[in-house]
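Trainee: My questions will all concern the structure given below.
The values are calculated or read from the model by the stated rules, or taken from the named source; none is laboratory data. Predicted, not measured: the structure shown is a model, and the values here were computed from it. So basically every Cβ, Gly included, is an ideal-geometry build from the backbone, and we count neighbours across all protein chains shown. For the accessible areas, the whole protein counts, side chains as well, though only heavy atoms, and no ligand, DNA or RNA atoms are used. Shrake-Rupley method; radii C 1.70, N 1.55, O 1.52, S 1.80 Å.
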Amino acid sequence: MAVPQKAASPTAKSTCTGAEAVMRSLVAEGVETIFGYPGGAIMPIYDALYDFNHKVNHILVRHEQGATHAAEGYARASGKVGVVFATSGPGATNLITGLADALMDSVPMVCVVGQVSSGLLGTDAFQEANIMSVCAAVTKWNYQVTDADEVADAMAKAFYVARSGKPGPVVIEVTKDAQFAELKKPFRYTPVTQLPYYRTDSGFTRKNLQDAATLLNEAQRPLILAGNGVGIAGAETALLQLAEKTETPVACTLHGLSCISTSHTLYVGMLGMHGNYAPNLLTNQADVLLAVGMRFDDRVTGNLNFYAKQAKVIHIEIDPSELNKIVKADVPLLGDALAILEELTPLLNTNSHPMWLNEFAKLDAQEEEKVRRNALYPNKEKLTMPEVIQVLGEQTSGEAMVIADVGQHQMMAARYYPFRKRKSYFTSGGLGTMGFALPAALGAKTGAPDREIVAVIGDGCFQMTIQELATIAQYKVPVKVMVLNNNFLGMVRQWQNMFFDGRYSFVKMENPDFTEISKAFGIQALRVEKREDLPGAVQQMLQSEGPFLLNVLVENEENVFPMMPTGAAVDGMLLE
Amino acid sequence: MQTLKIYTENKIGVLEKVTTVFTRNRVNIMTLNLRANALQELSLISVSADISQELAQKVIPQLKRIIEVADAKLKEGSKL
């Protein structure tokens, strides 16, 4: 059937509807990609989109949650704001997990959602849900537009709030009557650069900086804790310059990974529950901690009563509510990590800490012997997750962008992938959303088409957003999907194994054949089980032109070590 | 008992965003008063609650993080 063509470009018209104002606002913001799913209450906006299809690339996901994670992947890979369209009611409620995820992980996102006409608000109309209330707890800002003339200002404010300060998700709800209505005034989009009561200013002073410099210059055992804020601020080089000038070891949080090459001599590993032995133990030996863009998450600190009590803490952080929330900062430095590091480094003396670095090396040797050697070169018939990640690392020269889901495979990918390039490990860290990785990988590839994107996914996670294989197939997004399939909810099983007397309560999964499922979606797939077949299979995946799924059958009951059990201190980490 | 004074933009839904911060920190509100100023641009929300010093120091920055909140502080005379 022939598609009817609209006569005139909407931008040429003197009139403009609220729906067209949404699209014109997006174009004015330079938005190139939208992840969305239409429905009744957003139909006028989708109708306007029809005319803007040449300017804006819309990707039709298969579930609204997928749209949010795709937008997150897009935002993190591209550094731009991720944009989502969804309808009212169930469309909007399906966004909630992704909004909470983006809020926790500081991902800039603007979601435009439909709403029933303003006259129907509060009447339990078809597909009406109280999204204003529901979203209040999971967004950085949300707003309901009921007047077409408000659209442009609301959109401009949304983008500013989403990307400024500590980035986060924003929901703009537009009632259906406001979408249909003609603007009374000419459309005018004025980007917002400040708001009356919302402050993104830096709050650090020369004295703060000098205090931080004095602590660092006098430190014998300094340690840098690099978090998500390093990458968000684009402060990787500035951090490296500071670390190299002062010869300070750098440990990364889960979100900080890849801000420094894992091959750098000053990189000492990952912090946290399943991080590396040396940086966790030595957190409690350091005399000065320089925390950069990280928020002392409980997975990083372990038992707070025994966390770094000996250390002076310098905390570089953009969100005032994070300062002194968990760990008291001796020197708080409020502001953008890049701006602060660039001012701090010139105040620091060139220094060296060979004895201190040697302590990391000694502990790392213990981890190598007790954990990594067995994990990477196992005496087991079945493949282990670490050896799969190692092969992936070798074949991608450590230059892929790894999008990990949530669970054992997430920790294994974080621990064993040799990150050589920046912005190369994205996962759902704060909320721990299973099902994040498949749509996030699709979004990441859209946002960074020149990067090799590999999603590392567990069999449990995969089945939470598996329908996005259809999106990947429809748009031929060449992402590589590696399912580490152990027929278990592995991390829950590990905890039941270690802390619940091995009582395996509902963690065994009888999975469908993922290889056949993938092929049915139109995506090439391969199953690999034997060690000798693994390198060839990974190579085939990486060399395929389109999307590819590699179903890797791994050891069913493998545990992730080291491990900091709940309630243990950072120096109470278990190696076995 | 402490009283917090929260100055906000006078917009639909802002009160809910403010009370959400108390809810997630498990603070039980004893009295709550909202009054818009003469021009109706700003509201003053006064909240009394039995809240520890430690928790108040956590709650106030979280209130200030709300985009529409202009300021949040303990009422003078409230002891911390």
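Trainee: Within segment A:47-76, how many residues are hydroxyl-bearing (Ser, Thr, Tyr), open to solvent by 40 Å² or more (accessible area, probe 1.4 Å) and in contact with a helix residue (DSSP H, G or I) (Cβ under 9 Å, 6 or more places away or on another chain)? Show your work before the answer.
Mentor: Taking segment A:47-76 first, the residues hydroxyl-bearing (Ser, Thr, Tyr) are A:50, A:68, A:74.
If we keep only those that are open to solvent by 40 Å² or more (accessible area, probe 1.4 Å) too, we end up with A:50.
If we keep only those that are in contact with a helix residue (DSSP H, G or I) (Cβ under 9 Å, 6 or more places away or on another chain) as well, we get none.
So the answer is 0.
Trainee: When only residues in segment A:293-328 that are part of a loop (DSSP other than H, G, I, E, B) and basic (Lys, Arg) count, which is nearest to the other protein chains (Cβ to nearest Cβ)? Break it down into steps so the answer makes sense when it comes.
Mentor: Quick first cut of segment A:293-328, residues part of a loop (DSSP other than H, G, I, E, B) only: A:293-297, A:303, A:307-311, A:318-319, A:323-328.
The next check asks that each one be basic (Lys, Arg); those that pass are A:295, A:309, A:325, A:328.
Details: A:Arg295: 12, A:Lys309: 17, A:Lys325: 6, A:Lys328: 11 Å.
Among residues in segment A:293-328 that are part of a loop (DSSP other than H, G, I, E, B) and basic (Lys, Arg), the one nearest to the other protein chains (Cβ to nearest Cβ) is A:Lys325.
Trainee: Going residue by residue through segment A:147-157, is there one that turns out to be outside any loop (DSSP other than H, G, I, E, B), in contact with a strand residue (DSSP E or B) (Cβ under 7 Å, 6 or more places away or on another chain), within 12 Å of another protein chain (Cβ to nearest Cβ) and open to solvent by 10 Å² or more (accessible area, probe 1.4 Å)? Even if it seems obvious, please write down each step before you answer.
Mentor: Within segment A:147-157, the subset outside any loop (DSSP other than H, G, I, E, B) is A:148-157.
Next, from what is left, pick out any that are in contact with a strand residue (DSSP E or B) (Cβ under 7 Å, 6 or more places away or on another chain): A:148, A:151, A:154-155.
Applying the additional criterion that residues be within 12 Å of another protein chain (Cβ to nearest Cβ) yields A:154.
Applying the additional criterion that residues be open to solvent by 10 Å² or more (accessible area, probe 1.4 Å) yields none.
No, segment A:147-157 has no match at all.
Trainee: Just give me the residues in segment A:233-264 being assigned to a loop (DSSP other than H, G, I, E, B) and either surrounded by 23 or more Cβ atoms within 10 Å (Cβ to Cβ) or free of Cβ contacts under 8 Å to residues at least 24 places away in the same chain (or both), in sequence order. It would help to see each step written out before you state the result.
Mentor: If we filter segment A:233-264 for residues that are assigned to a loop (DSSP other than H, G, I, E, B), which is where we start, we get A:234-235, A:247-249, A:253-264.
The answer is A:Ala235, A:Thr248, A:Pro249, A:Thr253, A:Leu254, A:His255, A:Gly256, A:Leu257, A:Ser258, A:Cys259, A:Ile260.
Trainee: Let me ask something else. What helices (runs of 4 or more DSSP H) completely inside segment A:407-463 contain at least 1 residues that are farther than 16 Å from A:Gly82 by Cα and charged (D, E, K, R)?
Mentor: Values: elements: A:408-416, A:437-447, A:459-462.
Result: A:408-416, A:459-462.
Trainee: Taking the residues in segment B:67-80 that are in contact with a helix residue (DSSP H, G or I) (Cβ under 8 Å, 6 or more places away or on another chain) and open to solvent by 20 Å² or more (accessible area, probe 1.4 Å) as candidates, determine which candidate is nearest to the other protein chains (Cβ to nearest Cβ). Give the derivation first.
Mentor: Filtering segment B:67-80 down to residues in contact with a helix residue (DSSP H, G or I) (Cβ under 8 Å, 6 or more places away or on another chain) leaves B:67-69, B:71-74, B:80.
Those still in the list that are open to solvent by 20 Å² or more (accessible area, probe 1.4 Å) too: B:71, B:73-74, B:80.
On the way: B:Asp71: 8, B:Lys73: 14, B:Leu74: 16, B:Leu80: 14 Å.
Only one residue tops the list, namely B:Asp71.
Trainee: Same structure again: Can A:Ala102 be described as more than 14 Å from every other protein chain (Cβ to nearest Cβ) and open to solvent by less than 20 Å² (accessible area, probe 1.4 Å)?
Mentor: On the way: more than 14 Å from every other protein chain (Cβ to nearest Cβ): yes; open to solvent by less than 20 Å² (accessible area, probe 1.4 Å): yes.
Judged against the criteria, A:Ala102 is a match.
Trainee: Can you pull out the residues in segment B:56-73 that are β-branched (Val, Ile, Thr) and within 12 Å of the chain's Cα centre (by Cα)? Write out each step before concluding.
Mentor: Restricting attention to segment B:56-73, the residues satisfying the condition of being β-branched (Val, Ile, Thr) are B:59-60, B:66-67, B:69.
Matches in segment B:56-73: B:Val59, B:Ile60, B:Ile66, B:Val69.
Trainee: If you don't mind, there's one more thing I want to ask. May I ask you to list the residues in segment A:282-292 that are over 12 Å from A:Asp571 (Cβ atoms) and in a loop (DSSP other than H, G, I, E, B)? Spell out how you get there, then give the answer.
Mentor: First, the residues of segment A:282-292 that are over 12 Å from A:Asp571 (Cβ atoms): A:287-292.
Once the filter is applied, which keeps residues that are over 12 Å from A:Asp571 (Cβ atoms) and in a loop (DSSP other than H, G, I, E, B), segment A:282-292 yields only A:Asp287.
Trainee: Here's another thing I want to ask about it. Quick one: A:Asn142 ticks every box in (1) surrounded by 24 or more Cβ atoms within 10 Å (Cβ to Cβ); (2) over 16 Å from the mean Cα position of the chain (by Cα); (3) within 14 Å of chain B (Cβ to nearest Cβ); (4) not in a strand (DSSP E or B) except a single one, so which number is it?
Mentor: Status for A:Asn142: all satisfied but (4).
Trainee: Take segment A:421-450 and flag every residue that is within 22 Å of A:Cys252 (Cα to Cα) and of a type in the set (Lys, Arg).
Mentor: Answer for segment A:421-450, where residues must be within 22 Å of A:Cys252 (Cα to Cα) and of a type in the set (Lys, Arg): A:Lys421, A:Arg422, A:Lys423.
Trainee: Mind checking which residues of segment A:175-196 are within 14 Å of chain B (Cβ to nearest Cβ) and open to solvent by 70 Å² or more (accessible area, probe 1.4 Å)? Even if it seems obvious, please write down each step before you answer.
Mentor: Initial filter on segment A:175-196 (within 14 Å of chain B (Cβ to nearest Cβ)): A:175, A:192, A:194-196.
Passing the criteria: A:Gln194, A:Pro196.
Trainee: Pick from segment A:329-348 the residues that are over 17 Å from A:Pro222 (Cα atoms) and assigned to a loop (DSSP other than H, G, I, E, B): which of them is most open to solvent (accessible area, probe 1.4 Å)?
Mentor: The selected residue is A:Asp336.
Trainee: While we're on this one: Among the candidates A:Leu215, A:Leu121, A:Leu183, single out the residue that is of a type in the set (A, V, I, L, M) and touching a Lys or Arg at 6+ places or on another chain (Cβ under 6 Å).
Mentor: Result of the check over A:Leu215, A:Leu121, A:Leu183: A:Leu215.
Trainee: Anything in segment B:12-55 that is basic (Lys, Arg), assigned to a helix (DSSP H, G or I) and either within 12 Å of the chain's Cα centre (by Cα) or away from every other protein chain (no Cβ under 14 Å) (or both)? List them, or say none. Spell out the reasoning first.
Mentor: Step one: filter segment B:12-55 for residues basic (Lys, Arg), giving B:17, B:24, B:26, B:35.
Then keep just the ones that are assigned to a helix (DSSP H, G or I); that gives B:17, B:24.
If the condition is that a residue be basic (Lys, Arg), assigned to a helix (DSSP H, G or I) and either within 12 Å of the chain's Cα centre (by Cα) or away from every other protein chain (no Cβ under 14 Å) (or both), then B:Lys17 is the only one that fits.
Trainee: Being over 28 Å from A:Met563 (Cα atoms) and touching a Lys or Arg at 6+ places or on another chain (Cβ under 7 Å), is that true of even one residue in segment A:488-511?
Mentor: no
Trainee: OK, next. Does A:Ala212 meet the test of being open to solvent by less than 10 Å² (accessible area, probe 1.4 Å) and not assigned by TED's automatic domain parsing to the domain that holds A:Val116?
Mentor: Working: open to solvent by less than 10 Å² (accessible area, probe 1.4 Å): yes; not assigned by TED's automatic domain parsing to the domain that holds A:Val116: yes.
For A:Ala212, the condition - open to solvent by less than 10 Å² (accessible area, probe 1.4 Å) and not assigned by TED's automatic domain parsing to the domain that holds A:Val116 - is met.
Trainee: Next question, about the same structure. Hey, does segment A:512-527 have a residue that's in contact (Cβ under 8 Å) with a residue 60 or more places away in the chain and open to solvent by 10 Å² or more (accessible area, probe 1.4 Å)?
Mentor: Here is the first cut: in segment A:512-527, the ones in contact (Cβ under 8 Å) with a residue 60 or more places away in the chain are none.
The answer is no, given that none of the residues of segment A:512-527 is in contact (Cβ under 8 Å) with a residue 60 or more places away in the chain and open to solvent by 10 Å² or more (accessible area, probe 1.4 Å).
Trainee: Considering only residues that are within 14 Å of chain B (Cβ to nearest Cβ) and closer than 18 Å to A:Glu317 by Cα, look in segment A:197-230 and name the one that is nearest to the chain's Cα centre (by Cα). Walk me through how you get there before you give the answer.
Mentor: Taking segment A:197-230 as the starting set, the residues that turn out to be within 14 Å of chain B (Cβ to nearest Cβ) are A:197-201, A:203.
Keeping just the survivors that are closer than 18 Å to A:Glu317 by Cα gives A:198-201, A:203.
Working: A:Tyr198: 24, A:Arg199: 24, A:Thr200: 22, A:Asp201: 25, A:Gly203: 27 Å.
Ranking the qualifying residues of segment A:197-230, first place goes to A:Thr200.
Trainee: Report yes if some residue within segment A:331-339 is within 19 Å of B:Glu54 (Cβ to Cβ) and touching a Leu at 6+ places or on another chain (Cβ under 9 Å); otherwise report no. If you could, list the steps in order and put the result at the bottom.
Mentor: Start the filter on segment A:331-339 by keeping residues that are within 19 Å of B:Glu54 (Cβ to Cβ), which leaves A:332.
Subsequent filtering for residues that are touching a Leu at 6+ places or on another chain (Cβ under 9 Å) retains A:332.
For segment A:331-339, residues within 19 Å of B:Glu54 (Cβ to Cβ) and touching a Leu at 6+ places or on another chain (Cβ under 9 Å): present.
Trainee: When the residues of segment B:56-66 are narrowed to those that are at the interface with chain A (Cβ under 8 Å from one of its Cβ atoms) and part of a helix (DSSP H, G or I), which ends up least open to solvent (accessible area, probe 1.4 Å)?
Mentor: Of the residues in segment B:56-66, the ones at the interface with chain A (Cβ under 8 Å from one of its Cβ atoms) are B:57-58, B:61-62, B:64-65.
Still in the list and also part of a helix (DSSP H, G or I): B:57-58, B:61-62, B:64.
Numbers: B:Gln57: 111, B:Lys58: 72, B:Pro61: 35, B:Gln62: 18, B:Lys64: 103 Å².
Ranking the qualifying residues of segment B:56-66, first place goes to B:Gln62.
Trainee: Can you run down the residue pairs with Cβ atoms below 6 Å, 6 or more apart or on separate chains, where the first is in segment A:174-203 and without any contact (Cβ under 8 Å) to a residue 24 or more places away in the chain and the partner is surrounded by 12 or more Cβ atoms within 10 Å (Cβ to Cβ)?
Mentor: Correct list of pairs: A:Tyr197/B:Ala70.
Trainee: Being in contact (Cβ under 8 Å) with a residue 12 or more places away in the chain and buried (at least 23 other Cβ atoms within 10 Å of the Cβ) narrows it down to one of A:Asn351, A:Asn276, A:Asn284, A:Asn303, so name that one. Don't jump to the end; show me each part of the working.
Mentor: On the way: A:Asn351 fails: buried (at least 23 other Cβ atoms within 10 Å of the Cβ); A:Asn284 fails: buried (at least 23 other Cβ atoms within 10 Å of the Cβ); A:Asn303 fails: buried (at least 23 other Cβ atoms within 10 Å of the Cβ).
Going through A:Asn351, A:Asn276, A:Asn284, A:Asn303 in turn, just one is in contact (Cβ under 8 Å) with a residue 12 or more places away in the chain and buried (at least 23 other Cβ atoms within 10 Å of the Cβ): A:Asn276.
Trainee: Residues in segment A:215-232: is at least one surrounded by 22 or more Cβ atoms within 10 Å (Cβ to Cβ) and touching a Phe, Trp or Tyr at 6+ places or on another chain (Cβ under 7 Å)?
Mentor: The initial filter retains those residues of segment A:215-232 that are surrounded by 22 or more Cβ atoms within 10 Å (Cβ to Cβ), namely A:216, A:219, A:222-232.
Cutting the leftovers down to touching a Phe, Trp or Tyr at 6+ places or on another chain (Cβ under 7 Å) gives us none.
Checked segment A:215-232: no residue is surrounded by 22 or more Cβ atoms within 10 Å (Cβ to Cβ) and touching a Phe, Trp or Tyr at 6+ places or on another chain (Cβ under 7 Å).
Trainee: Related question: Restricting to segment B:24-56, name every residue that is closer than 24 Å to A:Ile172 by Cβ and either at pLDDT 95 or above or touching a helix residue (DSSP H, G or I) at 6+ places or on another chain (Cβ under 9 Å) (or both).
Mentor: Within segment B:24-56, the subset closer than 24 Å to A:Ile172 by Cβ is B:24, B:40-43.
Answer for segment B:24-56, where residues must be closer than 24 Å to A:Ile172 by Cβ and either at pLDDT 95 or above or touching a helix residue (DSSP H, G or I) at 6+ places or on another chain (Cβ under 9 Å) (or both): B:Arg24, B:Ser43.
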